[in-house]
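Single-structure report; data block below.
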Amino acid sequence: MAQLKESPSQTAGPYVHIGCTPGHAGLGGSDLGASMKTGPVQGQEIAVCGTITDGADDPLTDALVEIWQADANGVYPGTTGADPNFTGWGRKPTDEVTGEFRFDTVKPGLVPYPDGRLQAPHVTVWIVARGINLGLHTRLYFADEQEANGTDPILSSIADESRRATLLALPDGPDRYRFDIRLQGADETVFFDM
Amino acid sequence: MTDTPHESYPRRDRDWHPPALSLPYKSSRLRSPNSRPLHFLTTLSEETGPVFGHDVLNPLDHDLIQNFAKPGEAAIGPRIIVHGKVQDEFARPVAGALIEIWQANAAGRYRHKREGYIAPLDPNFGGCGRVITDDRGAYEFQTVQPGPYPWPNGPNDWRPAHIHFSLFGSSFAQRLITQMYFEGDPLIWRCPIVGAIPSGEAVERLIAPLDMERTIPMDARAYRFDITLRGREQTLFENRSEGL
Ligand SMILES: [Fe+3]
């Protein structure tokens with residue numbers, strides 16, 4: 001049993017970009033997580049774009065999105081055998097007018113699950129913004145990985161099958177995927193508590 | 001099938017953190033998911049994360065009084081030191097944690113395009129900084145004490161003076177953003193954002209006490225702010241799929 005309680009979360013507020021993407025906020029310097037590649041990378045290079053919409057269907061134009069993923073071989077950066085030119089971590093503000101985010105990354109490989117099975121290619125996604133009291137965790141899977149998705153331990157255990165589709169990034173042109181996140185409504189994205 | 005020993009993160013206590021929807025905090029109304037988040041045991045994807053070395057830091061990142069100031073000048077306001085330690089739920093120090101901070105200036109104004117408060121900008125204050133915890137999980141930075149500021153929520157809401165903190169431990173499961181408040185500020189208990197936290201005991205954890213021991217005479221007061229992130233423990237991973 002844990003002995004201490006975690007520090008309680010508070011919203012990132014409307015000015016999160018001052019602290020987390022100061023370059024984007026006009027304070028100078030380069031932003032951490034702005035580029036996920038430090039040289040030529042292995043595997044398929046892809047772009048992932050999307051918006052985050054609220055309960056009124058308006059895109060969040062003040063959010064911060066972070067992603068974390070394995071490399072093309074399913075190895076997490078920082079562990080043995082990982083692609084040395086791939087950081088695995090991206091951080092982007094949503095566009096202040098359109099609300100769009102974009103990550104230039106690689107398609108991840110299969111990742112081990114603790115019981116020995118494999119997880120389908122996926123990206124861990126984390127969202128903070130004004131009005132979000134505790135950062136939201138979700139996962140991006142790829143709609144064109146039907147076979148792997150069908151046996152993915154997390155995806156396939158979502159009881160309400162109709163909600164699984166909210167985690168699928170849809171092909172949107174060559175090497176491009178679209179992943180729109182909805183905070184509320186009939187097609188509300190599945191968020192995780194893990 | 002047998003159970004596999006696995007180091008995972010015990011589940012977050014969601015009754016301790018503010019709930020997604022807190023009606024008095026208006027922005028949460030349209031931005032809170034209606035469904036409960038689905039639980040699963042952490043996997044490699046949540047148990048790993050980016051590692052930040054000291055090479056990501058600029059020499060003045062820990063000094064908000066100087067890091068945006070013209071040569072020979074300094075940010076205006078009460079000079080303070082903020083320090084503390086980052087530990088996990090099992091009281092183990094979290095070394096190498098990246099802490100990013102941002103705040104309003106001494107008058108309560110942010111350097112941001114969308115900021116609308118009439119208080120003056122300080123030409124020598126940017127309002128952001130970064131530090132990385134040492135081997136014992138300790139960190140320290142200096143800044144000016146931020147001012148309280150009004151915000152559009154209720155008819156007359158004022159944020160207590162605060163510093164925003166973003167924390168990167170050693171995994172994505174530990175990712176946390178929170179705010180530090182100052183001991184004795186009467187606005188803390190009137191704030192709808194603070195008020196979203198269910199218990200006074202949890203709120204107290206975000207209130208930094210004045211630390212006279214670390215105060216530098218004739219220079220700066222000190223506040224101590226300790227942070228606890230989630231921790232990992234050995235569990236047995238049941239080898240069966242559970243419905244989420
Ligand atoms: Fe603030």
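The values are calculated or read from the model by the stated rules, or taken from the named source; none is laboratory data. Everything numeric here is computed off the predicted structure, so don't read it as measured data. Because the Cβ atoms are built from the backbone with ideal geometry, glycine has one as well, and the counts that use them run over all protein chains shown.
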Of all residues in region B:108-135, count the ones that are closer than 26 Å to B:ASN58 by Cα, more than 13 Å from the ligand (Cβ to nearest atom) and not basic (Lys, Arg). 12
Inspect all residues belonging to region A:41-52 and state whether any of them is within 7 Å of chain B (Cβ to nearest Cβ), in a loop (DSSP other than H, G, I, E, B) and modelled with pLDDT of 95 or more. no
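Examine region A:140-150 for a residue that is among the hydroxyl-bearing types (Ser, Thr, Tyr) and touching a Ser or Thr at 6+ places or on another chain (Cβ under 7 Å), and state whether such a residue exists.
Looking through region A:140-150, none of the residues is among the hydroxyl-bearing types (Ser, Thr, Tyr) and touching a Ser or Thr at 6+ places or on another chain (Cβ under 7 Å).
Do you know which of the residues in region A:4-36 that are in contact with a Ser or Thr (Cβ under 7 Å, 6 or more places away or on another chain) and outside any loop (DSSP other than H, G, I, E, B) is nearest to the other protein chains (Cβ to nearest Cβ)?
Going through region A:4-36, the residues in contact with a Ser or Thr (Cβ under 7 Å, 6 or more places away or on another chain) turn out to be A:4-10, A:19-20, A:23, A:31, A:36.
Now restrict to residues that are outside any loop (DSSP other than H, G, I, E, B): A:19-20.
Working: A:GLY19: 3, A:CYS20: 6 Å.
Among those that are in contact with a Ser or Thr (Cβ under 7 Å, 6 or more places away or on another chain) and outside any loop (DSSP other than H, G, I, E, B), it is A:GLY19.
Given the options A:ARG164, A:ARG130, name the one that is on the phi < 0 side of the Ramachandran plot, out of contact with any strand residue (DSSP E or B) (no Cβ under 7 Å at 6 or more places or on another chain) and part of a helix (DSSP H, G or I).
Details: A:ARG130 fails: part of a helix (DSSP H, G or I).
Matching residue, one of A:ARG164, A:ARG130: A:ARG164.
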Picked from region B:55-106 (must be closer than 26 Å to B:GLY169 by Cα and among the small types (Gly, Ala, Ser)), the residue surrounded by the most Cβ atoms within 10 Å (Cβ to Cβ) is B:ALA104
Look through region B:212-238, keep the residues that are part of a strand (DSSP E or B), within 12 Å of another protein chain (Cβ to nearest Cβ) and within 22 Å of the chain's Cα centre (by Cα), and return whichever of them is nearest to B:GLU100 (Cα to Cα). B:ILE227
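Return the residues of region B:25-62 that are part of a loop (DSSP other than H, G, I, E, B) and of a type in the set (Asp, Glu); say none if nothing qualifies.
Let us first name the residues in region B:25-62 that are part of a loop (DSSP other than H, G, I, E, B), namely B:25, B:29-37, B:40-43, B:48-53, B:57-62.
Once the filter is applied, which keeps residues that are part of a loop (DSSP other than H, G, I, E, B) and of a type in the set (Asp, Glu), region B:25-62 yields only B:ASP61.
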Members of region B:153-203 that are more than 18 Å from B:ARG224 (Cβ to Cβ), touching a Leu at 6+ places or on another chain (Cβ under 9 Å) and within 12 Å of the ligand (Cβ to nearest atom): B:TRP158, B:ARG159, B:ILE177, B:VAL194
Tell me whether region B:57-68 contains one or more residues that are within 26 Å of A:GLY78 (Cβ to Cβ), more than 16 Å from the ligand (Cβ to nearest atom) and among the charged types (D, E, K, R). yes
Can you confirm whether B:PHE68 is more than 20 Å from the chain's Cα centre (by Cα), within 8 Å of chain A (Cβ to nearest Cβ), aromatic (Phe, Trp, Tyr) and within 29 Å of B:ASN124 (Cβ to Cβ)? yes
Residues A:ARG139, A:ARG91, A:ARG176: which one is among the charged types (D, E, K, R), within 14 Å of another protein chain (Cβ to nearest Cβ) and farther than 18 Å from B:LEU38 by Cβ? A:ARG91
Within region B:136-152, the residues that are more than 9 Å from chain A (Cβ to nearest Cβ), more than 16 Å from the chain's Cα centre (by Cα) and within 16 Å of the ligand (Cβ to nearest atom) are B:VAL144, B:GLY147, B:PRO148, B:TYR149, B:PRO150, B:PRO152
Return yes or no: is B:ALA95 on the phi > 0 side of the Ramachandran plot, small (Gly, Ala, Ser) and more than 16 Å from the ligand (Cβ to nearest atom)? no
